[in-house]
Amino acid sequence: MDLTDIGASIRIAFTYFTILYLTGLGGLFSERSGIVNIGLEGLMVIGTVTGAAGAAIFAGPAPEGMGLGAGGVVLGLLFGALCGALFASVHAVATINFRVDHIVSGVVINLVAIGLARFLSFVFFEQATQSDPGGPHLTRIDIPLLSDIPWGLGNAFQNLSPIVLFAAVLVFPVSFALYRTRWGLRLRSAGENPEATRSLGVAVAPLQWQGVLLSGALAGLSGAFLSVEVVLNWREGQTLGLGFIALAALILSNWDPRRLLVAAFLFGFAQAIPLRLDDAPLISLLPPQFINMIPYVVTIVAIAGFVAKVRPPAAAGRAYEGAGGT
């Protein structure tokens, strides 16, 4: 593998980083508020089908040339985020209002999402397992200066979706909101000690609802990015467990958005490795299943090595009897 191949691998890693980071941020908001959300995969699935549908509706061919173009793609991505938030509200009602076990509710979200996505595919595309290929996408961009790095490394910063840059810079407003604002302090307090939060006159339930809805919006946006910007159409099962890998990255980051940035890129690079090793002479002698296992092996090793050092929010996953109060 020469430097050109490394640059191409990093560019692919940026794509997977975007998916994992957006989804992981969603889980971070939810679990920081005290609601464990293992339904990130299901929320992504809903985002994939609704995002592709929204992009096709808003940016697709229209009578008399009235298509919205790139602006329509943005609306499609936002539609995927909105639908992800709406689907996440089911998890919020179950865990916050009815105090259902968080893990059980998350499993149900993942299972229901599969059937719901197929139903929505019939509604939007009139076929069960995929949309028409070659959907619209945003104009690709090159990052100034970095795209000019010689020896092929500049390839990593060329032909990128704007959503990749959006995800990368999102760490700054998210970190500021969590650690430098009253809202962030209250959200983290709800996940650490909801009783103390309520004793200060702060309603816990609205904070938890906000965390869960944010998780749905970000996971939905991530899924929409996958179908609209990466695959360019919707296909059943295209998330391939990325929601669970994002959850692993979140645990590895110790629920910190800055560390999550690094963990998401690490796992994103692991996702890119099998795609770049297919043509390697020695690697081609191995069964392809061994190559495809690499991202998941990296995930297991990383979690096994660091899980004892992480500390989740103290009240995460615990039903709070006073969540409906003030």
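Where a number appears in this text, it was derived from the coordinates with a stated rule and is not lab data. Keep in mind the model is a prediction, meaning the values are calculated, not measured. We place every Cβ from the backbone using ideal geometry, glycine too, and count neighbours over all the protein chains shown.
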Could you calculate the contour length gain from I57 to R311, that is, 0.36 nm times the residue separation minus the distance between their Cα atoms, to one decimal place in nm?
-> 87.1 nm
Take the alpha-carbon centre of the stretch 175-229, take the same for the stretch 89-113, and report the distance between them in whole Å.
-> 16 Å
Neighbour-count ranking [beta-carbon atoms within 10 angstrom, fewest first] of Y296, Y16, Y21 | Y296, Y16, Y21
What's the extension gain from N159 to A319 if we count 0.36 nm per residue and subtract their Cα-Cα distance?
-> 53.0 nm
Go ahead and run the numbers for FRET between V301 and V262, Cβ-Cβ distance against an R0 of 22 Å, rounding to 0.05.
-> 0.90
Mind ranking 165-172, 94-101, 187-194 by how tightly packed they are, going by the mean number of other C-beta atoms within 10 angstrom, highest first?
-> 187-194, 94-101, 165-172
Whole-Hz Karplus couplings 3J(HN,Hα) for the stretch 76-83, θ = phi - 60° and coefficients 6.51, -1.76, 1.60, Gly and Pro as x, run x, 4, 5, 5, x, 5, 4, 5
Want the number for I114 to L86: 0.36 nm per residue separation, take away the alpha-carbon distance, what's left?
-> 8.5 nm
Measure nothing but the geometry: give the 0 to 90° angle between the long axis through the Cα atoms of 294-306 and the longest principal axis through the Cα atoms of the chain, rounded to 10°.
-> 40 degrees
Counting alpha carbon pairs within less than 8 Å and at least 6 residues apart, what relative contact order, in whole percent, applies to the chain?
-> 36 percent
Helix 204-225 vs. the chain, principal-axis angle (Cα, 0 to 90°, nearest 10) | 10 degrees
Name the most mobile residue of A13, A270, A196, meaning the one with the largest mean-square fluctuation, in a Gaussian network model of the chain with Cα contacts below 10 Å.
-> A196
Step through the residues of the stretch 177-183 one at a time and calculate ³J(HN,Hα) from phi using the Karplus curve (6.51 cos²θ - 1.76 cosθ + 1.60, θ = phi - 60°), rounding each to whole Hz and writing x for Gly and Pro.
-> 5, 6, 10, 10, 10, 5, 4
Under the Karplus relation with 6.51, -1.76 and 1.60 and θ = phi - 60°, whole-Hz ³J(HN,Hα) for the stretch 227-238, x at Gly and Pro, equal 7, 7, 9, 9, 7, 6, 6, 8, 9, 4, x, 6
At R180 and F122, where each label point lies 7 Å from the Cα along Cα→Cβ, what is the point-to-point distance in nanometres?
-> 5.0 nm
Rounded tilt (10° steps) of 3-32 against the dominant C-alpha axis of the chain | 20 degrees
